[in-house]
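Every number here is computed from the coordinates shown, using simple stated rules; none is lab data. Note that the structure is a prediction, hence the values are computed from the model and not measured. Note that each Cβ is placed from the backbone with ideal geometry, even for glycine, and that neighbours are counted across all protein chains shown.
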Ligand code: DQA
């Protein structure tokens, strides 16, 4: 099957960005690990990072005609602000898992609300880069069912 991994704003800086909060793994490392796991299990995975809300929206719109079966999404700060990204996911009706590196519930109160959690298949937070791998494993299990 076809899996799309989407990373929101500032995640291009992973590795150097607040390493105490987000860890020292780079986005390139995360994507490479996910690629390998997906390929080993016979799936096709592509990833995309953008700092621009509209680019993420347009990528989600394209996912449907492209035949993407599952999305793994870290909306980063857009988690707490973006009704437009929420509506895009509802519009394409592709199942997705929400991922956060940090435990957003242990942080600022403005990070406690997500515009995605109630429409996600599941939510993983606080487990660092490994959270993406758990999400991928869950996505593959669901796709194989
Ligand atoms: C984040 C948490 C968000 O609150 C924050 O704005 C991010 C990253 C995470 O992965 O922990 O940019 O989504």
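So if I take the alpha carbon set of the range 2-144, get Rg, then get Rh from the Kirkwood formula, what is the Rg over Rh ratio?
That ratio equals 0.93.
Cβ crowding within 10 Å ranks 109, 82, 117 as 109, 117, 82, fewest other Cβ atoms first. Considering only alpha-carbon pairs that sit under 8 angstrom and 6 or more positions apart, the relative contact order computed for the range 2-144 is 27 percent.
Percent of Cα-Cα pairs more than 13 Å apart in the range 98-145, please. So the portion of pairs separated by more than 13 Å is 58 percent.
Only helices enter the 222 nm calculation for the chain: every DSSP H run of n ≥ 4 contributes -39,500 (n - 2.57), and dividing by all residues gives -12000 deg cm²/dmol, rounded to 500.
Between residue 90 and residue 29, the FRET efficiency estimated from the beta carbon spacing at R0 = 41 angstrom works out to 0.85. Ranked for footprinting exposure by Cβ neighbours inside 10 Å, fewest first, 48, 140 give 48, 140.
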